[in-house]
């Protein structure tokens with residue numbers, strides 16, 4: 001590997017904080033610096049999350065973060081007080097996060113950029129991914145696949161990160177996507193659920209004139225994931241007749257009556273996590289209007305999401321962290337969390353996401369009262 005070495009005397013601490021330590025003839029001197037959050041640092045024309053520290057009119061940036069953006073790895077030799085920057089060869093792979101799941105929703109997010117809501121398996125079972133011209137997308141046979149052709153119900157394997165925003169859910173850029181299969185989708189209340197020798201069986205149908213008619217039977221095994229719309233695991237034993245769910249199954253189905261098919265993902269929309277189920281479009285738009293009224297003018301100027309297309313989610317309060325500006329808001333949030341209640345969030349992407357993350361506005365699910373914002377970076 002070709003190496004470039006930068007010798008920096010006694011500056012490691014200064015480059016990593018708001019107070020600089022500079023070397024001067026072997027004497028260490030402590031000086032004050034100022035974080036300039038209004039100054040952007042670009043690498044190859046792209047925004048970064050780097051924030052410069054100004055000391056005596058000169059800009060300093062964190063050496064490790066800057067090196068990563070420029071394609072270097074960093075090693076610090078404490079004995080010799082040297083910071084060594086090594087170029088990373090093109091064949092070295094980044095530490096991507098692997099994810100497998102089903103696409104819940106996909107929307108265009110600007111020119112040649114798509115926002116993908118992924119729900120599935122792994123540590124990040126609920127995540128927002130962004131696919132653009134840099135994302136390598138293939139189908140199961142290795143053929144090129146267009147981002148514009150991605151749609152709800154597709155089961156995909158993705159590599160993303162390694163950087164994620166500190167939002168809920170986390171957001172990241174997708175480096176690669178493989179489309180494994182197109183699943184069928186059924187959103188309806190369960191007619192019945194029972195254990196079988198091979199796993200569980202979920203039935204859908206209706207009751208007419210006191211007679212139960214089954215229209216679809218889904219068979220679940222070890223490969224089936226049961227989870228909430230926020231990616232939390234759900235026990236089969238907690239499911240019951242009348243629970244509203246969204247099932248991802250098939251596409252293979254038997255020709256029997258009723259038809260049967262394998263079940264891959266069962267998303268619980270009621271009872272266990274979100275009592276009112278998925279928000280209707282009318283309800284979602286109401287929250288968008290409420291959220292927009294809370295956005296300050298200086299914030300609105302940075303928002304890139306269209307006002308009427310902001311994603312609206314129901315989330316468990318226990319998984320959220322909301323910064324209220326009043327004691328009343330803080331108290332209400334703690335009460336909701338203690339009661340195991342839910343929040344509604346409206347998320348806006350901004351031109352500052354690389355530095356601060358998206359803007360997320362939170363409301364009480366029951367009263368629609370504004371609670372505050374999620375913390376940004």
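Which of the residues belonging to the range 175-226 are assigned to a loop (DSSP other than H, G, I, E, B) and over 27 Å from the mean Cα position of the chain (by Cα)?
As a first pass, look at the range 175-226 and keep what is assigned to a loop (DSSP other than H, G, I, E, B): 183, 190-191, 196-199, 209-210.
Result: 190, 191, 196, 197, 198, 199, 209, 210.
Of the conditions (1) surrounded by 20 or more Cβ atoms within 10 Å (Cβ to Cβ); (2) at pLDDT 90 or above; (3) closer than 30 Å to residue 343 by Cβ, residue 173 fails just one. Which one is it?
In the conditions (1) surrounded by 20 or more Cβ atoms within 10 Å (Cβ to Cβ); (2) at pLDDT 90 or above; (3) closer than 30 Å to residue 343 by Cβ, residue 173 misses (1) alone.
This table checks each residue for (1) in contact (Cβ under 8 Å) with a residue 12 or more places away in the chain; (2) more than 22 Å from residue 128 (Cβ to Cβ); (3) in the same structural domain as residue 358 (by TED's automatic domain parsing).
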| site | (1), (2), (3) |
| --- | --- |
| 230 | yes, no, no |
| 243 | yes, yes, no |
| 252 | no, yes, no |
| 259 | yes, yes, no |
| 264 | yes, no, no |
| 288 | yes, no, yes |
| 327 | no, yes, yes |
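Go over the candidates 350, 280 one by one and state the one that is under 20 Å from residue 169 (Cα atoms) and either more than 21 Å from the chain's Cα centre (by Cα) or touching a residue at least 12 places away in the same chain (Cβ under 8 Å) (or both).
350
Do we find a residue being part of a strand (DSSP E or B), crowded, with 17+ Cβ neighbours inside 10 Å and within 31 Å of the chain's Cα centre (by Cα) anywhere in the range 228-240?
Checked the range 228-240: at least one residue is part of a strand (DSSP E or B), crowded, with 17+ Cβ neighbours inside 10 Å and within 31 Å of the chain's Cα centre (by Cα).
Suppose we keep only residues that are buried (at least 16 other Cβ atoms within 10 Å of the Cβ) and in a loop (DSSP other than H, G, I, E, B) within the range 283-305. Which one would you say is farthest from the chain's Cα centre (by Cα)?
Restricting to residues being buried (at least 16 other Cβ atoms within 10 Å of the Cβ) and in a loop (DSSP other than H, G, I, E, B), the top hit is 295.
Listed residues 267, 360, 346, 315; which is closer than 26 Å to residue 161 by Cβ, in contact with a helix residue (DSSP H, G or I) (Cβ under 8 Å, 6 or more places away or on another chain) and not in a helix (DSSP H, G or I)?
Just a single option satisfies the conditions, and that option is 346.
Residues 131, 123: which one is outside the structural domain of residue 315 (by TED's automatic domain parsing), under 28 Å from residue 320 (Cβ atoms) and surrounded by fewer than 20 Cβ atoms within 10 Å (Cβ to Cβ)?
123
Of the numbered conditions (1) modelled with pLDDT of 90 or more; (2) in contact with a strand residue (DSSP E or B) (Cβ under 7 Å, 6 or more places away or on another chain); (3) in a helix (DSSP H, G or I); (4) closer than 30 Å to residue 111 by Cα, residue 308 satisfies every one except a single condition; which is it?
Among (1) modelled with pLDDT of 90 or more; (2) in contact with a strand residue (DSSP E or B) (Cβ under 7 Å, 6 or more places away or on another chain); (3) in a helix (DSSP H, G or I); (4) closer than 30 Å to residue 111 by Cα, residue 308 violates only (2).
The values are calculated or read from the model by the stated rules, or taken from the named source; none is laboratory data. Predicted, not measured: the structure shown is a model, and the values here were computed from it. Glycine also receives a Cβ, built like all others from the backbone with ideal geometry; neighbour counts cover every protein chain displayed.
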